[in-house]
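The structure appears right after this line, and notes come after that.
What follows is calculated from the coordinates using simple rules that are stated; it is not laboratory data. Keep in mind that this is a model prediction, so the values were computed, not measured. Backbone-built Cβ (ideal geometry, glycine too); neighbour counts: all protein chains shown.
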């Protein structure tokens, strides 16, 4: 029988959300290979990996008369060549050209009547590298075992150069309308609340009202709306821009040791310093008390609480924590101290997105964690924060994409409704990679924030000792 969408996943599809940039997360990987790329071999690799993630060959089937939530069914017309697409950069094929192309691809809508994902193979980079952009709709991340497409495609070992035979995939026939209607009626009989859930507008209104009440009870209002906060909001989306940056993880670790804080605190402080410099360069005055309200989703153990070893937990949650980013503080040491104090005493709101135990997620987990973090942020009222910041640690060893080596990986965060800027960071093989997504009209110079990351890191380095 077809699997019914969870209530939270159905909410993600309300209105035209399947076509919205706020409902899918992206990941950009740069892959190196000693020989020229065989695109047919790449397609075969993707096809083989999808065998471990059947949801990526399924589409959403709506119930006649909207009697119940939609269901997942195998796509009988699944066409891998539609989802895996080729593109190329104009010369000279640098990172700026790559970021501009990614921004245009991020804004392209997903087809609601097909499986909700896309993958772009981008050629034209120096040294024969291949850039791979994946787009995964948040609805695909529902359930405790779901993983982002980018995680599905990364492996611990290099794929064999020999072409492996891929088993032919045969879709399971979808149930007819009569069966779906009968099942919906049985669901309503056994679960009367389904009558409420089936109304998209009513469910949406109730959900928003509930979030507002919960948000008011759990999130501190740092200041009234207006002023600095308006720089990070937009009411009329005008397309996206993307910025990319990176910095050495070892440098952040050294600062954390010197200041007896966590590496995550240092990463947030580096971002805070870059945002401060960018705000000042935009001509906006800052006072020492100015802060930005950042939603920073964090991993929270939900079972085996109290255990010092998180690997003993059977599940975990991504919960949203409200962190005040002290962009008005001119002293980098004080900025780091304030952020470390807030993260140490943070109490997480009740809204959380369930996931498999983070210690047990196999493969390259950051793409999945970023997507879950976006889902968690969507569950909160947008008026309660100024921007979403996600930070997901990755493996510090080299991993592989097909028969090529993953050399760089940049998270490209979803830009939620009403937000002008979103930031995601991932550590991998000794480097912290940063991705910035902004509204083209509200923050047209988002690449400058990435350029200011290095100077913000140097500021903190100068405080050591």
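Using the number of other C-beta atoms within 10 angstrom as an exposure proxy, rank 120, 385 with the fewest first.
120, 385
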message: To check you understand DSSP bridge types, tell me what percent of the beta bridges within the stretch 3-179 (both residues inside) are antiparallel, rounded to 5.
response: 80
- prompt: Can you sort 62, 138 by how many other beta carbons sit within 10 Å, fewest first?
  reply: 62, 138
- prompt: Taking the simple approach of a point 7 Å from Cα along Cα-to-Cβ for both residue 158 and residue 91, what is their distance in nm?
  reply: 3.1
Footprinting exposure proxy for 35, 408 (fewest neighbouring C-beta atoms within 10 Å first): 35, 408
Theoretical gain in end-to-end length, residue 7 to residue 100 [0.36 nm per residue, Cα-Cα removed]: 29.9 nm
query: With each label point set 7 Å from Cα along the Cα-Cβ vector, what nm distance links residue 190 and residue 383?
result: 4.0
task: Starting from the Cα gyration tensor of the stretch 413-465, take the square roots of the eigenvalues, sort them a ≥ b ≥ c, and report rounded, prolate or oblate (rounded when a/c is under 1.5, otherwise prolate if a/b is larger than b/c, else oblate).
output: prolate
- prompt: When the chain is fully extended, how far beyond the present Cα-Cα distance does residue 177 get from residue 123, taking 0.36 nm per residue of separation?
  reply: 15.1 nm
- prompt: What distance in nm separates the simple spin-label points at residue 35 and residue 396, each placed 7 Å from Cα in the Cβ direction?
  reply: 3.5
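For the stretch 3-179, what is the convex hull (Cα atoms) projected area averaged across all directions, in square nanometres? All intermediate terms of the calculation are to be shown ahead of the outcome.
Working: hull surface 45.2 nm².
Mean projected area of the Cα convex hull: 11.3 nm².
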